[in-house]
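A.B. asks: This is the structure, below, for whatever I ask next.
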Amino acid sequence: MLENISPPLDRDQLIMQAAALADHLHRAGVQWMPRPNEQAVQELKTRLFSPNAEAEGAGNAAASTMEAPGAGTQTPVSRPDSASLSAANPSAAKPTPAKTVPTKSAPATTSAPTAAGASPLLNAVAKPYPGASLPLAQRESELVALASEVAACQKCSQLARCRTHTVFGEGNANARVVFFGEAPGADEDREARPFVGKAGELLTKMIQACKFSRDDVYILNTVKCRPPGNRNPDPEEIANCRPYFEKQIELIRPEYIVCLGAVSGQALLDSKLSVGRLRGRFHPYFDSKVVVTYHPAYLLRNPAAKKAAWDDLQMMLRDAGLL
Ligand code: URA
Ligand code: SF4
């Protein structure tokens with residue numbers, strides 16, 4: 001049935017895109033979609049992808065300064081609109097085969113060089129999230145239930161006493177990309193929403209530079225209550241709050257998790273390494289790919305690091321077939 005398909009997609013590319021689509025729908029909670037046979041997809045991928053296939057196009061990261069696209073800098077992603085976050089629209093991806101197959105079952109982390117170098121071992125060590133991927137409505141209702149549990153939480157006596165509101169997180173329960181911050185600040189504590197202050201403004205620009213809107217992605221923090229004086233959350237507080245962020249991520253099971261700063265990166269990956277050591281490559285968290293980059297508050301103090309942060313986001317976009 002695929003014999004009569006004419007260029008630009010050849011038969012193998014079409015099979016790969018069908019597999020990507022099926023995988024994406026499955027991840028999005030569409031239960032009736034048969035999951036692609038991972039072995040077959042992997043085999044096709046090995047056959048199709050040569051290291052040279054992804055090398056071209058990796059060099060255009062340098063120009064961006066990650067200012068808002070509206071501020072006149074280049075727009076980095078060639079997708080037609082932010083609604084086409086889904087891999088389900090093959091025409092939204094660029095024509096090079098290696099970039100058009102952003103699947104979870106066959107993540108594009110072969111020996112292909114990305115700007116900063118993805119780990120070739122990632123696919124080997126990634127294990128699936130436990131249980132089934134839930135339909136969107138059920139994810140949303142479970143998140144609502146979890147948010148009310150968090151609102152009543154008293155596990156950290158100091159944080160629970162000092163907070164005005166808990167800041168659970170917000171966004172698309174079906175997001176491909178989750179942004180994972182540190183802790184609410186004064187603005188977030190007042191508004192009960194993540195990243196609404198100065199750092200939040202920069203995060204919004206970073207999201208928009210990726211051609212997403214805040215509604216496309218999901219944004220959460222490591223701890224849900226503001227530490228007084230904006231101190232870092234301590235290890236015990238992070239441990240107390242861990243079941244909440246783990247559950248949020250498990251419900252959404254995104255393809256990518258962008259950890260903003262050392263606190264969230266170290267907490268998620270159970271690592272003691274600095275952002276400088278963790279950034280520039282993918283790390284597995286179940287079968288999500290984790291990108292660790294600089295926190296927007298750090299970028300506000302150190303604008304020179306914006307280039308590196310933008311490289312990290314581009315690494316993700318390229319891997320997702322969105323660049
Ligand atoms: N910094 C964070 O890490 N999270 C927020 O929500 C706001 C600022
Ligand atoms: Fe509970 Fe998390 Fe707030 Fe601690 S930080 S009191 S664990 S919601």
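A.B. asks: Of these, VAL263, VAL223, which one is in the same structural domain as LEU313 (by TED's automatic domain parsing), under 15 Å from TYR294 (Cα atoms) and within 15 Å of ligand 2 (Cβ to nearest atom)?
C.D. replies: On the way: VAL223 fails: under 15 Å from TYR294 (Cα atoms).
Answer to the check: VAL263.
A.B. asks: For the range 224-238, give me each residue that is surrounded by 14 or more Cβ atoms within 10 Å (Cβ to Cβ), over 21 Å from the mean Cα position of the chain (by Cα) and either in a helix (DSSP H, G or I) or aromatic (Phe, Trp, Tyr) (or both).
C.D. replies: Matches in the range 224-238: GLU237 only.
A.B. asks: Regarding the range 211-219, can at least one residue be identified that is at pLDDT 95 or above, of a type outside the set (A, V, I, L, M, F, W, C) and either assigned to a helix (DSSP H, G or I) or within 16 Å of ligand 1 (Cβ to nearest atom) (or both)? Please lay out each step first, then the result.
C.D. replies: Filtering the range 211-219 for residues at pLDDT 95 or above gives 211-219.
Checking which are of a type outside the set (A, V, I, L, M, F, W, C) leaves us with 211, 213-216, 218.
Applying the additional criterion that residues be either assigned to a helix (DSSP H, G or I) or within 16 Å of ligand 1 (Cβ to nearest atom) (or both) yields 214, 218.
Looking through the range 211-219, at least one residue is at pLDDT 95 or above, of a type outside the set (A, V, I, L, M, F, W, C) and either assigned to a helix (DSSP H, G or I) or within 16 Å of ligand 1 (Cβ to nearest atom) (or both).
A.B. asks: For VAL196, which of the numbered conditions (1) within 16 Å of ligand 2 (Cβ to nearest atom); (2) free of Cβ contacts under 8 Å to residues at least 12 places away in the same chain fails to hold?
C.D. replies: Every listed condition holds for VAL196 apart from (1).
A.B. asks: Read through the list (1) aliphatic (A, V, I, L, M); (2) outside any helix (DSSP H, G or I); (3) under 25 Å from HIS165 (Cβ atoms), then give the number of the only condition that ALA267 fails.
C.D. replies: (2)
A.B. asks: Then there is this: I'd like the full set of residues that are within 16 Å of ligand 1 (Cβ to nearest atom) and in a helix (DSSP H, G or I), limited to the range 243-264.
C.D. replies: As a first pass, look at the range 243-264 and keep what is within 16 Å of ligand 1 (Cβ to nearest atom): 244-245, 248-249, 257-264.
Those that are within 16 Å of ligand 1 (Cβ to nearest atom) and in a helix (DSSP H, G or I): TYR244, PHE245, GLN248, ILE249, ALA262, VAL263, SER264.
A.B. asks: Go through the range 98-166 and tell me which helices (runs of 4 or more DSSP H), entirely inside it, have 2 or more residues that are at pLDDT 95 or above and more than 16 Å from ligand 1 (Cβ to nearest atom). Lay out the reasoning, then the answer.
C.D. replies: On the way: elements: 122-125, 136-151, 157-162.
So the answer is 136-151, 157-162.
The values are calculated or read from the model by the stated rules, or taken from the named source; none is laboratory data. Computed from a predicted model, the values in this text were never measured in an experiment. Methodologically, a virtual Cβ is constructed for each residue, glycine included, from the backbone with ideal geometry; neighbour enumeration extends over all protein chains shown.
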